[in-house]
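A short reminder: the numbers here are calculations on the coordinates, not readings from a lab. Model, not experiment: these values are computed from the prediction. Heads up, the Cβs are rebuilt from the backbone with ideal geometry, glycines too, and the neighbour counts pull from every protein chain shown.
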Amino acid sequence: MTNQELYDLMARFDASGLQKLKLSQGDFQIELGKAAPAGTAAPIPSAPAAAPRTEEAPAVTAPLVGTFYAAPAPEKPPFVTAGDKVKKGATLCLIEAMKTMIEVPAPCDCVIEEVLKANGELAAFGEALMRYRPC
């Protein structure tokens, strides 16, 4: 199993309602588990649905499961903030997975509309990190 396949499996498991998953392929074995949410006896009512946006800006998404970092170091300013104009390929943020930092580049010349994740927050595979408007 490749690293990408493993990341995809972990992201799908995280997004699923499963509490436990055990997989064996030849010599490879993996067991994933989630802690049961406290007080799961009654479902929690969801918040009322917000009015749908007519034209939602495209989003930069997480390339893998990991920790979102808005800045290169704790004492440094963030790579981008809402309203910043960036060039294609510029680093927007970092995702840390298994002690490896992955730079997330700008997909095109764009203006950052909104940063959706807080620094240090866990990001799931494919989850929107920030919204942008192409230039």
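Below is a table of values for the structure above.
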item	result
Among the listed pairs 20/117; 22/99; 34/76, those beyond 30 Å (Cα-Cα)	34/76
Least to most buried among 132, 7 (fewest other Cβ within 10 Å first)	7, 132
Potential extension, residue 56-residue 3 segment - 0.36 nm per residue separation minus Cα distance	15.9 nm
Order by protection proxy (mean Cβ within 10 Å, highest first), peptides 93-101, 61-69, 18-26, 75-83	61-69, 93-101, 75-83, 18-26
